[in-house]
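Encoded as structure tokens, the structure appears first; notes follow it.
The values are calculated or read from the model by the stated rules, or taken from the named source; none is laboratory data. As the structure is a computational prediction, the values presented were derived from the model and not from experiment. In this analysis, Cβ positions are derived from the backbone assuming ideal geometry, glycine residues included, and neighbour counts consider all displayed protein chains. Just so you know, the surface numbers come from the protein's heavy atoms only, side chains and all, with ligands and any DNA or RNA stripped out. Shrake-Rupley method; radii C 1.70, N 1.55, O 1.52, S 1.80 Å.
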Amino acid sequence: MGGAKAWMFSVVSVNLNGSVLSNKHVCWRWRSSAAQQSKPISWSLVFGLMLFSLGIVSLFTGHVVSDLDWYSRRLVKQKLYFKLDGSNKGPIDIWKSENGKSFYGCSKRSRKFPHGVRERSSNGYLLIAASGGLNQQRTGISDAVVVARVLNATLVVPELDHNSYWKDNSDFVNIFDVNWFISYLVKDVTIVKKVPDKFMRSMEKNPYSMRVPRKSPPEYYLDQVLPILKRRRVLQLTKFDYRLANNIDEELQKLRCRANFHALRFTKPIQELGQKLVLRMREMAIRFIAVHLRFEPDMLAFSGCYFGGGDKERYELAEIRKRWETLPDLDADGERSRGKCPLTPHEVGLMLRALGFANDTYIYVASGEIYGGEETLRPLRDLFPNFYTKEKLANEELKPFLPFSSRLAAIDYIVCDESDVFVTNNNGNMARILAGRRRYMGHKRTIRPNAKRLSSLFMERDKMDWDTFARKVKAVQRGYMGEPDEMRPGRGEFHEYPYSCICKKNGDPESEQVRGNQGLKNRSKEEEPVLGAKGDEQVFLI
């Protein structure tokens with residue numbers, strides 16, 4: 001802990017004395033002069049001369065040139081590096097994506113997509129038991145809408161999980177606007193609040209219950225589920241999370257997006273409080289960052305990682321891991337080297353400062369109970385004193401929501417969604433859902449730590465000065481800043497990369513989709529993105 005604190009304060013001092021700016025200017029002038037060369041340059045010759053010069057400097061001054069490996073990668077592997085991560089050579093605006101202006105969400109149903117069947121004509125009633133926390137349930141609900149459409153079934157408003165780790169007894173109607181949900185999707189799927197009592201009394205048997213395999217394609221539902229639905233007329237699918245394949249028909253993908261990004265609207269009390277917190281952040285700062293720390297005890301235990309808390313930490317997290325009987329034994333060092341461990345709050349703060357966010361930046365921290373409490377958060381607070389949470393922004397107003405973890409998570413969701421920059425700390429459900437939504441809303445800046453590359457940097461941070469560390473952080477974060485070119489058809493979870501529902505503007509009323517060059521017409525005004533707030537741009541140079 002002592003070494004970590006010493007590093008933290010050295011970071012602040014380096015940023016305050018202005019040395020970082022001077023070094024950056026030197027780097028920029030070097031690049032500019034190199035760009036003016038009219039003749040082809042032998043990079044191997046330049047690299048050799050640099051090695052010789054740096055060796056002479058080291059010989060006479062005893063100074064170890066810690067930037068050497070960075071220059072080596074820039075000069076020798078520059079073309080390969082940019083080819084791999086898909087980024088360009090220009091400066092990156094850390095507050096917003098300039099390329100994001102060319103994209104917008106487009107999930108409007110096609111004229112070829114027929115209306116859903118009415119209740120009387122459907123194949124039966126589909127009951128869905130969503131599992132997990134708020135955002136895991138959100139994926140299940142969105143997928144349930146698509147499955148109901150595939151089966152020509154009447155969807156009953158899904159049941160939420162009351163037995164998960166969070167023990168929240170909230171129902172759908174307590175979190176989401178149920179009437180809006182039903183009416184928004186009326187042309188796609190018939191949704192009812194419950195199976196009619198008259199129908200239930202006429203049934204000879206109780207509703208049949210089954211669990212489908214994860215990532216099942218529509219064909220599985222038609223072959224294995226539909227016959228049971230037709231025979232029993234009421235069917236319940238349990239543990240419904242990620243039970244639908246990623247790659248499905250394009251029109252069904254758009255239905256997924258309509259359900260997730262439009263139909264699932266929070267109740268009025270949740271929405272009003274969430275917007276109040278956003279307004280309070282905006283009153284203090286034109287722009288702010290929202291950080292989803294995800295450093296709760298359950299998350300750390302599930303990850304199998306170690307965070308430097310000694311025997312006490314190992315014992316406490318091992319006890320929590322016993323709740324999951326099927327979890328394998330994991331090597332903590334191996335998990336960290338593979339990028340499977342969340343960053344500590346201190347490491348999140350160092351990454352943001354290295355990217356170029358100043359210590360007067362306002363940040364909103366979304367999280368539940370932080371493992372280690374205030375002591376764990378203190379380094380992040382020191383790096384960013386303008387540190388706010390929902391508890392700090394809303395005291396009395398928050399009390400009615402305190403017994404319900406999903407409603408608290410919904411408030412965090414709103415503030416994170418409205419922030420200028422959203423920072424994830426693991427690839428969990430909230431991170432994926434919000435990353436996908438922010439892409440849909442015009443590629444608002446979303447930063448996902450390149451944990452695999454950053455882990456080695458953090459282990460070596462005491463061996464390099466701050467300027468070198470910052471340059472390397474900026475380099476490894478290329479491709480992890482929420483740019484449009486990170487989106488590729490078939491990549492990851494569709495909820496995180498909704499490629500079928502994002503279109504590119506061509507300067508005219510028509511647009512083309514990201515996945516292929518298929519035209520999309522009749523763009524609705526509702527689907528236009530709300531881009532981040534305006535303000536002075538802040539860029540960093542690599």
| note | Averaged over all viewing directions, the convex hull of the alpha carbons in segment 227-292 casts a projected area in nm² of 8.3 nm²
| task | Only loop residues by DSSP count here, and only those with at most 16 other Cβ atoms within 10 Å; note down the GluC sites (Glu not before Pro) in segment 197-264 that meet that. | result | Glu204
| Estimated dipole of segment 203-320 in Debye, rounded to 20 [Cβ of Lys and Arg +1, of Asp and Glu -1, Cα centre] | 600 debye
| With each pseudo-label sitting 7 Å past Cα toward Cβ, what's the Arg231-Lys463 distance in nm, one decimal? | 6.5 nm
| remark: Full extension between Val192 and Lys452 adds, at 0.36 nm per residue less the Cα distance, a length in nm of 89.0 nm
| request: Report the label-to-label distance for Arg120 and Trp180 in nanometres (one decimal), using points 7 Å from each Cα along the Cα→Cβ vector. | output: 3.2 nm
| task | Enter the accessible area of Lys230 (Å², nearest 10), with the probe set to 1.4 Å and all protein chains included. | result | 110 Å²
| request: Rank by packing, highest mean first: peptides 314-326, 345-357, 186-198, with packing defined as the count of other Cβ atoms within 10 Å averaged across residues. | output: 345-357, 186-198, 314-326
| At q = 0.10 Å⁻¹, base-10 log of I(q)/I(0) for segment 240-399 (Debye sum, equal scatterers on each alpha carbon) | -0.55
| What is the calculated FRET efficiency for Phe199 to Arg338, with r their C-beta to C-beta distance and R₀ = 41 Å, to the nearest 0.05? | 0.20
| request: Can you pull the one-decimal nm distance between simple spin-label points at Glu283 and Asn506, each 7 Å off the Cα toward Cβ? | output: 4.7 nm
| query | Straight-line reach from Lys268: which aspartates and glutamates have a Cα under 18 Å away, not including same-chain ones fewer than 8 places off? | reply | Asp171, Asp177, Glu396, Glu397, Asp412, Asp417, Glu418
| request: Work out, step by step, the length gained on full extension between Arg491 and Asp360: first 0.36 nm times the residue separation, then minus their alpha carbon distance; give nm to one decimal. | output: 43.5 nm
| request: Over segment 141-300, consider all pairs of different Cα atoms and compute the Kirkwood hydrodynamic radius from their mean reciprocal separation; express it in Å, one decimal. | output: 18.2 Å
| field | Relative packing of peptides 477-489, 408-420, 392-404 - highest average C-beta neighbours within 10 Å first | value | 408-420, 477-489, 392-404
| How large is the dipole of segment 119-265 about the Cα centre if only Lys and Arg carry +1 and Asp and Glu carry -1, each at its Cβ, rounded to the nearest 20 debye? | 340 debye
| said: Using 0.36 nm times the number of residues separating Arg314 and Leu222, minus their current alpha carbon distance, what extension gain do you get? | reply: 28.4 nm
| Dipole axis of segment 119-265 (+1 Lys, Arg; -1 Asp, Glu on Cβ), positive-most option in Leu151, Val178, Gly133 | Leu151
| message | Based on C-alpha coordinates, I'd like the Rg and Dmax of segment 303-381, in Å. | response | 14.7, 45
